[in-house]
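First the structure, in the form of C-alpha cells, and then the observations on it.
The values are calculated or read from the model by the stated rules, or taken from the named source; none is laboratory data. In this text, all values refer to a predicted model and were calculated from it rather than measured experimentally. Quick reminder, even Gly has a Cβ in these numbers, built from the backbone with ideal geometry, and neighbours come from all protein chains shown.
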Amino acid sequence: MVVHTEIRKSSPFAAITVLVMIVILFIGFYVMMKPYAILFGTLTSDSKFYQYTTAEECRTHGGSYYDNICHQLPARALSLIKTSRNTWLITPIIFVIGLILWLFSAVMRKDPTLYEGMK
C-alpha cells in the first residue's frame, strides 16, 4: 500500500498563527483590564469605611470589622479578589510562553523529505 502525501513547510503559517493569537490575546487583555481595574479599585478601597470606629457602626453601614478597622469587604472576599487579579495577570504570560514554545517546536521539526528512503 502506497500513501502519497504532499509535504509542505508550515513554519511561516505557524509564525503567523502565533502572532495573530498573541495580538488577539493582548487586545482582549487590554479591553478587559480597564473595567476590571475600575471594579478592583472600587471594591478594595476602604477609605469611606475608615471613619466607622466600632464594630456595630461598621456592620450597620455594610462593612466588615476585623483587625480593629472597618473594611468594605470581608478578609476572605478581599483575598479572593487579589488572587483572581494575580491569576488574570499571569495567565496571558503563561499562554504566550506556551505559544512561543509551540512555534519553536513547529519550526524546528525536521522535514520528512530529508529522511532517506522517502520519495
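Worth a mention:
- Checking each residue in the stretch 37-50 for being modelled with pLDDT of 80 or more and either surrounded by 11 or more Cβ atoms within 10 Å (Cβ to Cβ) or not polar (S, T, N, Q) (or both) picks out ALA37, ILE38, LEU39, PHE40, GLY41, LYS48, PHE49, TYR50.
- Taking the criterion of being closer than 18 Å to THR87 by Cβ and in contact with a helix residue (DSSP H, G or I) (Cβ under 7 Å, 6 or more places away or on another chain), the residues of the stretch 37-72 that qualify are PHE40, LEU43, THR44.
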